[in-house]
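Written below as C-alpha cells is the structure these notes are about.
The values are calculated or read from the model by the stated rules, or taken from the named source; none is laboratory data. Given the structure is predicted, the values throughout are model-derived calculations rather than measurements. FYI the Cβ positions are ideal-geometry reconstructions off the backbone, even for glycines, and counts take in every protein chain you see.
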Amino acid sequence: MKKNDIKPFDLWKETMQRMGRDGLLLCTVGSDGKPNAMNVAWLTGGLIWGRPIITVLVRTDRHSFNNIEQTNQFTVNVLTSEFADALLYLGTASGASEDKFAKSKLTPVPAQVVEPPLIAEAVVHYECRVLHKNDVIAENLTPDINGFGANHRVYFGEIVAASAAPDAAKRLE
C-alpha cells in the first residue's frame, strides 16, 4: 500500500490509542544487517531541543537494545488491531534466537532515511535517530513504581521521517 509522508505528530492521538490497546512495534537492525522487532508500550513523544522526539524505553537485556546501541536508530510502526497476536508474540520472543519476522508473518521493508526497517503491514511509521540516551536509575523511582523501570535505557529519537497510509486515521479508530 502506498504511504504518504506526514508531519511527525499528525496521527499522534491515533498512535497513542493503539499503544494503549496492543502496543507498538519497534524495529531495529544489528551490525549484521539482520532486522529485529519487539512490542513496545513504554513510549512518549513531544518536542525536545526544538525537534520532534519519540522516547522509548528498552530493557538492557533485550536483543533490540544491542541493535540500537550499534546503529543509534530505530523505527516505530503502528499496526491495526488485526495484528494483535503478532504484537503479543513479538513482545515475548527473542530475535537473538529466532527469526521473529518469519513467525509473525510481518514484512520488513526499507525505510526512507534510517537503516532499521519499516513494517509493510503497519499504517503509520516513524523513523528515528538517537540524539540522547540515559539509563533509568531504579533508586530514583518512587516506591509505587520501583521495580518497573530497572534495567531500562531511555532513547530520545528524533523523528527524521514519518509516513502513513492514506486511510490510516480511519483504520486506527
Selection from region 102-112 of residues more than 15 Å from the chain's Cα centre (by Cα) and surrounded by 13 or more Cβ atoms within 10 Å (Cβ to Cβ) yields Ser104, Gln112
Just for region 127-143: of the residues that are in contact with a Gly (Cβ under 8 Å, 6 or more places away or on another chain) and touching a residue at least 24 places away in the same chain (Cβ under 8 Å), which one is surrounded by the most Cβ atoms within 10 Å (Cβ to Cβ)?
-> Cys128
Would you call Val76 aliphatic (A, V, I, L, M), in a strand (DSSP E or B) and touching a strand residue (DSSP E or B) at 6+ places or on another chain (Cβ under 6 Å)?
-> yes
How about region 20-34: which of its residues are of a type outside the set (S, T, N, Q) and under 15 Å from Cys128 (Cβ atoms)?
-> Leu24, Leu25, Leu26, Cys27, Val29
Pairs only if they're at least six apart or on different chains, beta carbon under 9 angstrom, first in region 144-171 and surrounded by fewer than 17 Cβ atoms within 10 Å (Cβ to Cβ), second at pLDDT below 95 and small (Gly, Ala, Ser); list them, first residue then second.
-> Asn146/Ala138; Gly147/Ala138; Ala150/Ala138; Asn151/Ala138
Within region 12-42, residues being surrounded by fewer than 21 Cβ atoms within 10 Å (Cβ to Cβ) and of a type in the set (A, V, I, L, M, F, W, C) number 5
Every residue from region 14-28 that is farther than 13 Å from Thr75 by Cβ and either hydrophobic (A, V, I, L, M, F, W, C) or more than 12 Å from the chain's Cα centre (by Cα) (or both) = Glu14, Met16, Gln17, Arg18, Met19, Gly20, Arg21, Asp22
Within region 61-77, can one find any residue that is surrounded by fewer than 20 Cβ atoms within 10 Å (Cβ to Cβ), free of Cβ contacts under 8 Å to residues at least 12 places away in the same chain and charged (D, E, K, R)?
-> yes
